[in-house]
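Asks: Just dropping this structure here.
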Amino acid sequence: MAKCMRRFLLANVALWLSAIAAGAATLDTVTQRGSVRIGYITDEAPFSSVKSGADPMGYAIDLCGKIADEIEYRVPQLKREYVEMTLANGFDAVKNGQIDLLCGAITVNLKRREIVDFSQPIFLTGATALLRKDSPNYLQTLFLEKPAVRPVSQRVPSTRVIGVRASTTTGTTLREALAIQASKTKLSDFETHEDGLKALEDHKIDAYIADQVLLISLAKRARDPSSLEIGDRLFTHEPYAIALRRDDADFRLLADRALTAFYLSDDFLPLLEGYFGSESPMLHTQIIMEHVPD
């Protein structure tokens, strides 16, 4: 009986200590640990990607680095730990304190805000399709403002297969749209964007749907980029931000201050130009219009 009671007490103490740790402010936890844990998604270039033996890189990674710089003013000699995550487990990792920031092409929506909080916006985009130039005409008409006139069949296939990455807001939106109409279109989930690209090139799917900015980068890595085209009609609104723990207003304020200071600096436009080229002036204007002012 005494042994059972001891186990019961130990279990309760462990739960109590876990609750304290979970409730601790993010900055306090980072200070005690001496490091900030930056979660990242591997295949979301140009926002977050990684090469073997190197730290992750990308636009979102750089912005997370600016937040880490701000933390380092308060925590000298701060270490940066990079933790590979997926869209399927990344938000729970933020919620449970396994990581302090989740960086990548992370769309803000209300469902995700039930689990995590977000910084101010870091990017604005929307979903469209990556097509082969011989993809069915109904897809060309649907996603392209000015479909090219080509000698391809006007017949709509009896079964339409469109690819999408698993666990994305885009996939959820498509499934909801298909559920309310009688459609022969089937969705095929892929674990990575690279898998979706391969399926498109191998004619296993007719189109691959993702955020336009990701498709631009993905198409450049195709076996034959000239055989593909990217839709210019967007059918979703995708504001990107950095995921943070909920109920920690002080840490979110720190993150937003770091981002605002960088957005207003002379270094921001060159960073955009390095990742997005000729689109940078327009993107700069969009982000400045959306940023949280001092």
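The values are calculated or read from the model by the stated rules, or taken from the named source; none is laboratory data. Everything quoted here is computed from the prediction, not taken from an experiment. Please note: Cβ atoms are built from the backbone with ideal geometry, for glycine as well, and neighbour counts cover all protein chains shown.
Asks: What number of residues within region 171-193 are in a loop (DSSP other than H, G, I, E, B) and at pLDDT 85 or above?
Replies: Total satisfying the criteria: 2.
Asks: Output yes when any residue across region 243-263 is hydrophobic (A, V, I, L, M, F, W, C) and either in a loop (DSSP other than H, G, I, E, B) or at pLDDT below 95 (or both), and no when none is.
Replies: No, that holds for no residue.
Asks: Among the residues of region 54-74, count how many are farther than 27 Å from GLU273 by Cα and either buried (at least 17 other Cβ atoms within 10 Å of the Cβ) or not assigned by TED's automatic domain parsing to the domain that holds ARG245 (or both).
Replies: Residues meeting the conditions: 0.
Asks: Let me ask something else. Against the conditions (1) modelled with pLDDT of 95 or more; (2) surrounded by fewer than 23 Cβ atoms within 10 Å (Cβ to Cβ); (3) under 20 Å from the mean Cα position of the chain (by Cα), where does GLY196 fall short? Just the number, please.
Replies: (2)
Asks: Kindly indicate whether any position in region 45-53 is modelled with pLDDT of 95 or more, outside any strand (DSSP E or B), of a type in the set (Phe, Trp, Tyr) and crowded, with 18+ Cβ neighbours inside 10 Å.
Replies: Yes, because at least one residue in region 45-53 is modelled with pLDDT of 95 or more, outside any strand (DSSP E or B), of a type in the set (Phe, Trp, Tyr) and crowded, with 18+ Cβ neighbours inside 10 Å.
Asks: Test SER227 against the stated conditions and say whether it is of a type in the set (S, T, N, Q) and loosely packed, with under 12 Cβ neighbours inside 10 Å.
Replies: no
Asks: Taking the stated definitions as given, is THR107 within 30 Å of ASP232 (Cβ to Cβ) and either in contact with a Gly (Cβ under 7 Å, 6 or more places away or on another chain) or surrounded by fewer than 14 Cβ atoms within 10 Å (Cβ to Cβ) (or both)?
Replies: No; evaluated as a whole, the condition is false for this residue.
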